[in-house]
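The values are calculated or read from the model by the stated rules, or taken from the named source; none is laboratory data. Computed from a prediction, not measured in an experiment: that's the story for all the values here. Cβ: placed from backbone, ideal geometry, glycine included. Neighbour counts: every protein chain shown.
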Amino acid sequence: MSWDTVIGLEIHVQLATKTKIFSGASTAYGAEPNTQACAIDLAMPGTLPVLNKQAVNYAIMFGLAIDAEIGQVSAFERKNYFYPDLPKGYQTTQLEKPIVGRGNVEIQLADGSTKNVRIHHAHLEEDAGKSLHEGNFNSSFSGIDLNRAGTPLIEIVSEPDMSNAEEAIAFAKKIHSIVTSIGICDGEMSQGSMRFDVNVSVKPSGSEILGTRTETKNLNSFKFMEEAIKREVARQIDVIEDGGTIAQETRLYNGETKVARSMRSKEEANDYRYFPCPDLLPVIVSDEQVEELRRNLPELPDARQTRFVEQYGLSDYDAGILSSDAAMANYFEAVSRVCSNPKLAANWTMGELSARLNNEGLSTSNSPVSAEQLAGLIIRIADNSISGKMAKQVFEGIWAGDGSADEIIEARGLKQVSDSGALEQMVADVLAANQAMVDDYINTDESKRKKKLGGFMGKIMQASKGQANPQQVNQILAQKLNELL
């Protein structure tokens, strides 16, 4: 039996305000536990919330970026539930009147096709604190860090328009690209700045009746989200084909151990006993406020991709990768400005730099290699001061903090030999010292001679201690061998 998968996402985006949504407490990441939670965040008696205007503006900016309806009147409710990291016993959120209504996000798939994913709404709310668990079965304890409590969020709720993990990842990456491009979120998923709840169900192929869905919560990487979706789809199909039924529940997935488990039965809205927040007035958004934000909206990813193609002569593919991440796009442009070589700047930003950042679990904004340093390396590649192989050694030195490209080239004696006279003499010396190889080349069938060049190149590069310009050597070598035929 064949099955269709139905996927919807709820994406929690921490807004990049300096203070919390209802208090003046700092939202800076990395502070000592419980040093950034004030009396308002804890709902202490006698305190009243005051709405952060910047959080409202950021929510509106997101709505404008996806061409969504903007709620001219939105309202806050209290969502009641009890959990250790929710000090108030309720979460202040929006339900009936969210600030952002219906919108659309177009995603591009690996085969080049596009698909529209509908946004149901996006609402403002406050974040909870964080539970910390340490130890094992013999000795363990749990702690609560309330620094995050009250951090402003928008929760973006999609329609169930995605039908596989690839589409869900493409959608999540597009949202990440949008919110970082317009500057409302730093996008640091390892720090919890974006978290994904994935709703998954399966149904017989072609059926109009949706299956029972489960929700896997708090996924903080694209890789873990992809794994969780694939595992949940396979699990649901196995359960149904074995004669069982799917329970509507909330699940967790541990990306480190690759273990998924049930967390609790899925609640409905009435389980949370929503009621209007008595401490906050409705939010009124004027047409003038919306238009001002629209005029000042930063460049969106799709527009940036088009500009990269036109301005830098990049392929659609390269421009798409670079423009999808705001930090990477800014880094690439900074490199290009200094080295005046957009193609090499794109290759090194997407290639060596991105690979190393991924391996180290770092974002572009935290790169140990600055844009100016990478540009300095590219300049020396372009002027033939170093070869591609040398460039990788220099890059490693820059990454390790050994200095600029020029300083490392000088200190390690890596400057490439490009003097034609010196290279001609080097080639002549190697040919004279390896007459047997020369005779073998001359006596080899013409169609197979090209394969013999590698042996000569190895000898020449060895003689030059790897510093000979390989392109020039190859030309000189071919010329001198042809003269002997």
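Can you tell me which residue is modelled with the lowest pLDDT among those in region 1-20 that are outside any strand (DSSP E or B) and either over 25 Å from the mean Cα position of the chain (by Cα) or at positive phi (or both)?
Start the filter on region 1-20 by keeping residues that are outside any strand (DSSP E or B), which leaves 1-2, 15-18, 20.
Applying the additional criterion that residues be either over 25 Å from the mean Cα position of the chain (by Cα) or at positive phi (or both) yields 1-2.
Numbers: M1: 83, S2: 94.
Only one residue fits best here, namely M1.
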- prompt: Has region 320-339 got at least one residue that is modelled with pLDDT under 95, more than 20 Å from G376 (Cβ to Cβ) and surrounded by fewer than 17 Cβ atoms within 10 Å (Cβ to Cβ)?
  reply: no
task: Hey, can you tell me all the residues within region 92-105 that are within 30 Å of L42 (Cα to Cα) and buried (at least 22 other Cβ atoms within 10 Å of the Cβ)?
output: Q94, P98, I99, V100
message: If I filter region 366-409 down to residues being in contact with a Gly (Cβ under 9 Å, 6 or more places away or on another chain) and either in contact (Cβ under 8 Å) with a residue 60 or more places away in the chain or among the charged types (D, E, K, R) (or both), which single residue comes out as nearest to V335 (Cα to Cα)?
response: D406
- request: Tell me, yes or no, whether region 420-433 has at least one residue that is part of a helix (DSSP H, G or I), modelled with pLDDT of 85 or more and buried (at least 16 other Cβ atoms within 10 Å of the Cβ).
  value: yes
- request: Restrict the check to region 451-458 and report whether at least one residue is in a helix (DSSP H, G or I) and either of a type in the set (A, V, I, L, M) or assigned by TED's automatic domain parsing to the domain that holds S385 (or both).
  value: yes
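Could you pull out the residue among K448, K465, K389, K459 that is more than 37 Å from the chain's Cα centre (by Cα), at pLDDT 80 or above and not β-branched (V, I, T)? Quick ask: steps written out before the conclusion?
On the way: K448 fails: at pLDDT 80 or above; K465 fails: at pLDDT 80 or above; K389 fails: more than 37 Å from the chain's Cα centre (by Cα).
Residue meeting the stated conditions: K459.
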task: Report, by residue number, each residue of region 97-111 that is part of a loop (DSSP other than H, G, I, E, B) and among the small types (G, A, S).
output: G101, A110
message: Can you list residue pairs whose Cβ atoms sit under 7 Å apart, with the first residue in region 1-26 being under 17 Å from N57 (Cβ atoms) and assigned by TED's automatic domain parsing to the domain that holds I175 and the second being charged (D, E, K, R) and assigned to a loop (DSSP other than H, G, I, E, B)? Count only pairs 6 or more apart in sequence or on different chains.
response: Q14/D127; A16/D186; K20/D41
Unique match (being assigned to a helix (DSSP H, G or I), under 30 Å from N366 (Cβ atoms) and either among the hydrophobic types (A, V, I, L, M, F, W, C) or outside the structural domain of N341 (by TED's automatic domain parsing) (or both)) among V394, V473, V438: V394
message: Checking the conditions here, which among D318, D279, D287, D271 is within 30 Å of T212 (Cα to Cα), of a type outside the set (A, V, I, L, M, F, W, C) and either under 18 Å from the mean Cα position of the chain (by Cα) or assigned by TED's automatic domain parsing to the domain that holds L51 (or both)?
response: D271
task: Evaluate the following for L252: is it loosely packed, with under 15 Cβ neighbours inside 10 Å and outside any helix (DSSP H, G or I)?
output: no
query: So which residues in region 358-377 are at pLDDT 95 or above, surrounded by 16 or more Cβ atoms within 10 Å (Cβ to Cβ) and in a helix (DSSP H, G or I), if there are any at all?
result: A371, Q373, L374, A375, G376, L377
query: Do you know which residues across region 268-285 are surrounded by fewer than 13 Cβ atoms within 10 Å (Cβ to Cβ), in contact (Cβ under 8 Å) with a residue 12 or more places away in the chain and under 30 Å from K174 (Cβ atoms)?
result: A269
query: If we scan region 44-65, do we find a residue that is surrounded by fewer than 17 Cβ atoms within 10 Å (Cβ to Cβ), out of contact with any helix residue (DSSP H, G or I) (no Cβ under 7 Å at 6 or more places or on another chain) and part of a strand (DSSP E or B)?
result: no
- request: Just need a number here: residues in region 76-86 that are surrounded by fewer than 18 Cβ atoms within 10 Å (Cβ to Cβ), in contact (Cβ under 8 Å) with a residue 24 or more places away in the chain and in a loop (DSSP other than H, G, I, E, B).
  value: 4
